[in-house]
Amino acid sequence: MTRRVFLGLVLAWLALAVATAAAPARAGQEASLVVEVSSFRGGYLFGVSARLSGPDRERLGFSDDRGQVRFDSLPPGSYDLELRLRGYRPTYHRSISLRAGESLRIRESMPSLAGPR
């Protein structure tokens, strides 16, 4: 094996080792947010559009059959959340503060455009 190939393999191995060692450190610095959306009558809402704007970028998610939207691997910081679904009034949460390692849950009841029944 030539010296150049050997040196290339050693450098590639070192780069992989550094990247793998840094991954757990980053994981502890991330936050997560779970949003649970229901109607005023208490039923979970499926298909709610959730737009999360934060320090690094904007993320979009949709609620599942349990009314949940999950945002993982968020850098710490301040976030704005907008929830929308046809037939319901949009709901906003401003300046949601997430700290490193935190997992926050928000429960939201969306009012119907038709009003309470």
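The values are calculated or read from the model by the stated rules, or taken from the named source; none is laboratory data. On a predicted model such as this, the values are computed, not experimentally measured, just so you know. A quick note on method: Cβ atoms are made from the backbone with ideal geometry, for glycine too, and the neighbour counts reach across all protein chains shown.
The condition of being under 12 Å from Ala31 (Cα atoms), in a strand (DSSP E or B) and touching a strand residue (DSSP E or B) at 6+ places or on another chain (Cβ under 6 Å) holds for only one of Ser73, Ser109, Ser97, that being Ser97. Checked against (1) at pLDDT below 95; (2) surrounded by 17 or more Cβ atoms within 10 Å (Cβ to Cβ); (3) not aliphatic (A, V, I, L, M), Gly8 meets all criteria but (2).
With the structure loaded, tell me whether Arg66 is in contact with a strand residue (DSSP E or B) (Cβ under 9 Å, 6 or more places away or on another chain) and charged (D, E, K, R) or whether it fails that test.
Values: in contact with a strand residue (DSSP E or B) (Cβ under 9 Å, 6 or more places away or on another chain): yes; charged (D, E, K, R): yes.
When the stated conditions are applied, Arg66 passes them.
Among the residues here, Leu52 does not qualify as part of a strand (DSSP E or B), farther than 13 Å from Glu30 by Cβ, without any contact (Cβ under 8 Å) to a residue 24 or more places away in the chain and not hydroxyl-bearing (Ser, Thr, Tyr). Taking region 47-66 as the range and being under 18 Å from Ser112 (Cα atoms) and surrounded by 14 or more Cβ atoms within 10 Å (Cβ to Cβ) as the test, the residues that pass are Val48, Ser49, Ala50, Ser63. Considering only region 80-92, I want to know if a residue exists there that is within 11 Å of the chain's Cα centre (by Cα) and surrounded by fewer than 14 Cβ atoms within 10 Å (Cβ to Cβ). Scanning region 80-92 turns up no residue that is within 11 Å of the chain's Cα centre (by Cα) and surrounded by fewer than 14 Cβ atoms within 10 Å (Cβ to Cβ).
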